[in-house]
1. Along the charge dipole of region 22-234, which of VAL170, GLY185, ILE215 sits closest to the positive end, that is, farthest toward it, with unit charges on the beta carbon of Lys, Arg, Asp and Glu (+1, +1, -1, -1)?
2. Select from ASP146, ASP354, ASP238 the residue whose mean-square fluctuation is largest in a Gaussian network model of the chain (Cα-Cα springs shorter than 10 Å).
3. Taking Cα centroids, how far is region 355-420 from region 244-300 in Å?
4. Under 12 Å from the Cβ of ASN265, count the other residues' Cβ atoms, weight Lys and Arg +1, Asp and Glu -1, and hand me the total.
5. DSSP beta bridges in the chain, what fraction antiparallel, as a percent rounded to 5?
6. Given a 1.4 Å probe, how much area per residue of the chain is accessible, in Å²?
7. Give me, ordered by chain and number, the residues 5 or more places off GLU254 or on other chains with an amide H under 5 Å from its own placed amide H.
8. Grab the other residues whose beta carbon is less than 15 angstrom from that of THR73, score K and R as +1, D and E as -1, and report the net.
Amino acid sequence: MESFIIEGGHPLQGTITPQGAKNEALEVICATLLSEEPVRIKNIPDILDVNNLILLLKDIGVKVTRNSRNDYTFVSDRLNLDYLESEEFVRKCASLRGSVLLIGPLLGRFGKAIIAKPGGDKIGRRRLDTHFLGFKHLGAKFVHDDGCNVFRIEARKLKGCYMLLDEASVTGTANIIMTAVLAEGTTTIYNAACEPYIQQLCHLLNAMGARISGIASNLLTIVGVKTLHGAEHTILPDMIEVGSFIGMAAMVGEGIRIKNVSLRNLGIIPDAFRRLGVKVKEEGDDLVIPHQSHYVIDSFIDGTIMTLSDAPWPGLTPDLLSVLLVVATQARGSVLFHQKMFESRLFFVDKLIDMGAQIILCDPHRAVVVGHDHKLQLRAGRMTSPDIRAGIALLIAALSANGTSRIANIAQIDRGYEDIEKRLNNLGARIKRVDD
């Protein structure tokens, strides 16, 4: 196990470019299973979760060619479906959240899938009901094998239909789309997730010969086709990494430019930081965050305390609430954070409290932050990263702290951020990776 040693208090300055989007990468890489022809995907982030998924595809029999570090070609012409029954496959799925996205393409193309309950962040309950209800609507049957802790899903014939999703689940929508593109007839999905990465998945599938309309809305119509062919696709910049860099720039920046952010796909992320008083300037497709000695939290028009809460797209992504919360610790004013979607994601704030932050954890979903206005610097400390997003939030806190901090279990950070210490050290940070 590795840790980061962070010497706090060093300002960051310069230009940084976000990696390819992790969540989109997991979706579109799994979509390559739907065709036996080559599918080339560019701007794939070189991170643990994505690399483990690629290794899992290789185990299934996908031919993977690495054209360059972030550019791969996938050919799924001869797959070893018997491997899905192996204990090794079940074990690997249990440690990788993205493995759930294998179900849709395997079911859509081969009429069967076996998948273990996926692993990943320990941030609260993330149920799979939406996925399975969608598969059931399309004609699939499934059982849970308690002995092996796997789901066995089969469909002799998939047939399109109308369905109203019980929640706008992103991975659920992605899985149902990938199942429906090869189903007979027309599938209509209402209350579909419509975030940019779902849009990108639909664009790739259409490039492969699918017939999907309603892209960018919550009402998708999919006319099934018999086969899909090869295509090329480029992954968007990671909006969560862009938000993380905005947070770092606000806390310890002396002027940072974030290059090529795909501004039109960031939604309300820049405005969420502006509500905390952070100056975010738009220059072409770049964001510039100037140095600020103070940033003042807005209040609502009626004068009540600012509240930031997560919501399905185009609402504020839950993945950035941890970063926004850390930024608020040094703002002027108070803000209530309401994490609606996961019941364990705010528990990392006890580590910030130990560092001197003024935070009241009201319950598993709500926390009030009273900002220090840079009058009281956070103290360095020893921490453990509980999940990807809390990990990067703790790293931001450590960069701003007085003294040297240590963050253990940084494999959680590596799951979502490519070469993070190298890129931040190039901006002036002092981060060292060590073996525990």
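1. Looking along the dipole axis, the top candidate is GLY185.
2. Looking only at ASP146, ASP354, ASP238, the largest GNM fluctuation is found for ASP146.
3. 19 Å
4. -3
5. Close to 70 percent.
6. That works out to 40 Å² for each residue.
7. Those lying under 5 Å, H to H, from GLU254 are LEU12, GLN13.
8. +1
The values are calculated or read from the model by the stated rules, or taken from the named source; none is laboratory data. Quantities reported herein were computed from a predicted structural model and do not represent experimental measurements. With ideal geometry, Cβ positions are generated from the backbone for all residues, glycine too; neighbour counts draw on all protein chains shown. For accessibility, only protein heavy atoms count, side chains too; no ligands or nucleic acids. Shrake-Rupley method; radii C 1.70, N 1.55, O 1.52, S 1.80 Å.
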